[in-house]
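Just so it is clear, none of the values below were taken in a lab; they were calculated from the coordinates. All values derive from a computational prediction rather than experimental measurement. Note: ideal-geometry Cβ built from the backbone for every residue, glycine included; neighbour counts use all protein chains shown.
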Amino acid sequence: MRTLELGVFMPVGTNGFLMSTTAPRYQPTFALERSIAALAEEAGFDFLFSMGKWMGFGGRSGFWEQTIEPVVMSAALAGVTNRIKLFATINPLLFHPVVAAKMIATIDEISGGRFGVNIVTGNTLEELEQMGVVPEGYESFRYEYADEWLTVVKQLWTQQRLTHDGRFFQLTNCVCDPKPIQKPYPPIISAGLSDEGLRFGAKHSNYQFVGARPEKVDHVKAFAAEEGRDLKVSANMLIVAGSSDQAAHDRFERLLDGRDNEAFDNLIASFERDNRDSSEGRTSFLRNPRMIGFGTGAPIIGSYDTIAEQLAQVATDAKFDAIQLTFIDFIDDLKDFGRQIYPGLKARLARHDIRLGQDVAASARAAEHA
Ligand SMILES: Cc1cc2nc3c(=O)[nH]c(=O)nc-3n(C[C@H](O)[C@H](O)[C@H](O)COP(=O)(O)O)c2cc1C
């Protein structure tokens, strides 16, 4: 029996993940995020994932010109949610490991053991350079830096005192209490797509996010096996639902009518400037004229039944352990997902012996109380 977890990629940047002037326009306020969290919890989702972004990409849609800070936002969401897991992004370059270890332990306690962290080395170098925090040659050692940082953080969570004399960090008999309530520590998430990034995830993570790239599932699982580990692999998908297949396709075409080519070009230029191993794959994805956003993953377009069928197929064929969803309208589409798609998805997955994460968690809670 396999389990499929469902997540919401929280729209913590202006207009969510869509670069289109015909998409709904909104600012990432806490009022919006709290409403989405409540709907996701009610609909049976397993986690909310918040990215960390420090610059936008402009264009007519003003893509990500405003982004709220995900760790602070998750701490606030912890107080107004009950059971859903909260994943927030941290870039090691921006937080001293002792500060981060304590912040994460604090939110783990606030949330009653529901917090996890996505450790990134920076989507683009540009957004870190503007802060003047990038060490000389960082591109060549960014995952080494993250590896040492995370190793230190994990040791701070599991040891009484830590003395560490490394390449990047020196700690002397350092104390960091209280420890997180999840043992040995909260879940670690990775979203690197280069081989180095995937190896970092294989070594450290509980979840690896790979966007819409099914071919990476076996790839990262093979790296994890070399480390004697296993991890869950998560996909990203954009739900474009309608009352019929035609209505959904019309909705998608309307989004394409307002495609913000300038914002796409700005994002592509930023990736090209970095010229990483992962850049080519990411820019060719964005150059596809039918791609309408960034972070959205692959669009799944159709009636509620078609979407349930296609999601079940993706989960079955590509062996994803989790699917993180984005929506055109995070309020109305999330309501529709809970009412119209979730039950059909659950029934279809059951035929393939796959259960939804919430049902597995509810059975575990019931067994605990029996
Ligand atoms: C689902 C997903 C979420 C991501 N979230 C962030 C983020 O919040 N902040 C960030 O700087 N990078 C984020 N990234 C970018 C990755 O951390 C990574 O830089 C990118 O996949 C390129 O891989 P590489 O760094 O291994 O070259 C995300 C990537 C994916 C697929």
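Please identify, among 95, 320, 168, the residue showing maximal mean-square fluctuation in a Gaussian network model of the chain using a 10 angstrom Cα cutoff.
Among 95, 320, 168, the largest mean-square fluctuation in the Gaussian network model of the chain belongs to 168.
Where a Cα-Cα gap under 13 Å defines reach, which aspartates and glutamates qualify for residue 319, not counting those fewer than 8 residues away within the same chain?
5, 215, 218, 353
Would you please give the residues with an amide H less than 5 Å from that of residue 232, counting only those at least 5 places away or on a separate chain, with H modeled from the backbone geometry?
207, 208
Counting other Cβ atoms within 10 Å, keep those with at most 13, restrict to DSSP loop, and tell me which trypsin sites (Lys or Arg not before Pro) in the range 163-259 are left.
167
Divide by every residue of the chain the summed helix terms, -39500 (n - 2.57) for each DSSP H run of at least 4, and state the resulting mean residue ellipticity at 222 nm, rounded to the nearest 500 deg cm²/dmol.
Value at 222 nm, helices only, nearest 500: -13500 deg cm²/dmol.
Applying 1/(1 + (r/R0)^6) with R0 = 41 Å to the Cβ-Cβ distance of residue 229 and residue 262, what FRET efficiency is obtained, to the nearest 0.05?
0.45
If you keep only loop residues by DSSP, which GluC sites (Glu not before Pro) in the range 1-71 have at most 16 other Cβ atoms within 10 Å of their Cβ?
The qualifying sites are 65.
In the range 128-229, which GluC sites (Glu not before Pro) are in a loop and have at most 15 other Cβ atoms within 10 Å, using DSSP for the loop call?
Loop-located and lightly packed - 136, 227.
In terms of modelled amide H atoms, which long-range or inter-chain residues lie less than 5 Å from the amide H of residue 116?
Here 86, 87, 88 satisfy the definition.
I'd like the FRET efficiency for residue 65 and residue 369, computed as 1/(1 + (r/R0)^6) with the beta carbon distance as r and R0 of 41 Å, rounded to 0.05.
After rounding, the FRET efficiency stands at 0.30.
Which pairs break 27 Å Cα to Cα here: 102/203; 183/335; 179/232?
Long pairs (Cα-Cα over 27 Å): 183/335.
Can you pull the percent of Cα pairs in the range 274-370 with separation above 15 Å? Mind dumping the intermediate values first?
Working: 3289 of 4656 pairs.
Distances greater than 15 Å cover 71 percent of the Cα pairs.
Stick to Cα atoms and the Kirkwood definition of Rh, then tell me Rg/Rh for the chain.
The Rg/Rh ratio comes out at 0.95.
Would you list 276, 83, 355, 114 from fewest to most Cβ contacts within 10 Å?
83, 355, 276, 114
Antiparallel versus total DSSP beta bridges in the range 2-369: what percent is that, nearest 5?
15
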